[in-house]
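Read the figures in this text as sums done on the coordinates, not as results from a lab. Being a predicted model, the structure only gives us computed values, none of them experimental. Reconstructed Cβ throughout: ideal geometry from the backbone, glycine too, with neighbour counts over all protein chains shown.
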Amino acid sequence: MSISLMRHQPRKPPASAASSDSSDSLDSLDLAARIEHWTSAMTVAELAHLIQVSHKQVYSLVAKRRIPSFRISGSIRLDPKRTADWLRSQAT
């Protein structure tokens, strides 16, 4: 018996996050600002995709409590505001 794993495609931040009367788009915002525009909790896959690291690396950061996270029914989720703050604190 084989088990097929579906690859999760990360969501994109909502288009409504960018002001329609502004010439700036989400693409021109810094990464932390883009993350703050998310309207719901982020998954590990979404954060890994945005910061270009492996899922395993994000899970490791969560396990070591180096990145703020919470669980919903056993699934790890990340608050966009707290994640953006964490990302800014990592800047050197």
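Figures for the structure shown
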read-out: Least to most buried among 47, 78 (fewest other Cβ within 10 Å first); value: 78, 47
read-out: Taking 77, 66, 34 and counting other C-beta atoms within 10 Å, the order from fewest to most; value: 66, 77, 34
read-out: Exposure proxy ranking, count of Cβ atoms within 10 Å, fewest first, for 72, 51; value: 72, 51
